[in-house]
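Colleague: Below is the structure I would like to discuss, written out as structure tokens.
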Amino acid sequence: MPTRWYPVEAADDSLLTTASLYLTRSVDVPHPAEETWAALTDDSGPAHWTKGVKRLTWTSPRPFGVGTTREVETAGGFVLRERFYRWDEGHRKTFTVVASTRNLFRHLVEDYVVESTPDGSRLTWQWAGELNHPWSYLKPVLKRLVLEPTARSHIDGLPAHMAAKR
């Protein structure tokens with residue numbers, strides 16, 4: 001049986017200031033910014049250290065840039081198709097989800113910024129989304145039980161992952 005894909009309306013940076021669901025986290029990483037960026041863009045990226053990500057597949061060839069695509073399978077068993085609308089190599093990348101195997105999201109944007117610090121680097125992450133009905137009624141529960149724990153493992157788990165690779 002073929003996979004059914006539901007369209008997700010493309011969004012941009014404006015969603016980061018208007019979304020009803022919004023998360024942000026920062027983490028200091030005791031490694032240079034170049035290494036932090038490399039961890040975010042390796043072949044399976046966050047699937048190595050994020051509890052909510054089962055598999056990540058880049059569907060565009062390297063070198064990556066604006067228009068790059070990938071698919072992410074979540075621990076919940078659904079897949080998201082993402083398209084990057086910003087790619088500032090070594091510093092910032094931002095994508096919008098364009099399709100999902102569950103009709104959960106109306107809009108979804110993720111933004112990653114890597115900056116050098118005196119002790120290594122800092123990753124700042126933003127996630128913004130709007131849910132389709134009837135899921136929007138479950139927003140508080142979904143945020144507390146799924147999104148926030150996944151965000152913690154996604155961002156806070158990066159330094160330990162990088163240390164284990166050394």
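Colleague: Taking only the range 1-28 into account, find how many residues are basic (Lys, Arg), in contact with a Lys or Arg (Cβ under 8 Å, 6 or more places away or on another chain) and not in a strand (DSSP E or B).
Modeller: 0
Colleague: Do any helices (runs of 4 or more DSSP H) entirely within the range 77-166 hold 2 or more residues that are touching a residue at least 40 places away in the same chain (Cβ under 8 Å) and not charged (D, E, K, R), and if so, which?
Modeller: Hits in the range 77-166: 148-156, 158-165.
Residue-by-condition table, conditions (1) in contact with a helix residue (DSSP H, G or I) (Cβ under 9 Å, 6 or more places away or on another chain); (2) surrounded by 12 or more Cβ atoms within 10 Å (Cβ to Cβ); (3) among the β-branched types (Val, Ile, Thr); (4) within 18 Å of His161 (Cα to Cα):
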residue: Ser14; (1), (2), (3), (4): no, no, no, no
residue: Ala47; (1), (2), (3), (4): no, yes, no, yes
residue: Pro61; (1), (2), (3), (4): no, no, no, no
residue: Glu71; (1), (2), (3), (4): no, yes, no, no
residue: Thr74; (1), (2), (3), (4): yes, yes, yes, no
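Colleague: Looking only at residues that are out of contact with any Phe, Trp or Tyr (no Cβ under 8 Å at 6 or more places or on another chain) and in a helix (DSSP H, G or I) in the range 29-42, which one is surrounded by the most Cβ atoms within 10 Å (Cβ to Cβ)?
Modeller: Within the range 29-42, the match that is surrounded by the most Cβ atoms within 10 Å (Cβ to Cβ) is Thr36.
Colleague: A further question follows. Please work out if Gly45 is under 21 Å from Leu147 (Cα atoms) and free of Cβ contacts under 8 Å to residues at least 12 places away in the same chain.
Modeller: Taking the combined requirement at face value, the residue satisfies it.
Colleague: Within the range 14-26, how many residues are farther than 20 Å from Phe78 by Cβ and under 14 Å from the mean Cα position of the chain (by Cα)?
Modeller: Qualifying residue count for the region: 5.
Colleague: If you take the residues of the range 50-59 that are surrounded by 15 or more Cβ atoms within 10 Å (Cβ to Cβ) and β-branched (Val, Ile, Thr), which of them is modelled with the highest pLDDT?
Modeller: By that ranking, first place goes to Val53.
Colleague: Let me ask another. For Trp127, only one of the following conditions fails: (1) within 22 Å of Val29 (Cβ to Cβ); (2) surrounded by 18 or more Cβ atoms within 10 Å (Cβ to Cβ); (3) in contact with a Gly (Cβ under 8 Å, 6 or more places away or on another chain). What is its number?
Modeller: (3)
Colleague: Could you tell me which numbered condition Ser100 fails, if it satisfies all but one of (1) surrounded by 17 or more Cβ atoms within 10 Å (Cβ to Cβ); (2) in contact with a helix residue (DSSP H, G or I) (Cβ under 6 Å, 6 or more places away or on another chain)?
Modeller: (2)
The values are calculated or read from the model by the stated rules, or taken from the named source; none is laboratory data. In this text the structure is predicted, and so the values were computed from the model without any measurement. Cβ sites come from the backbone with ideal geometry, for glycine too, and all protein chains shown count toward neighbours.
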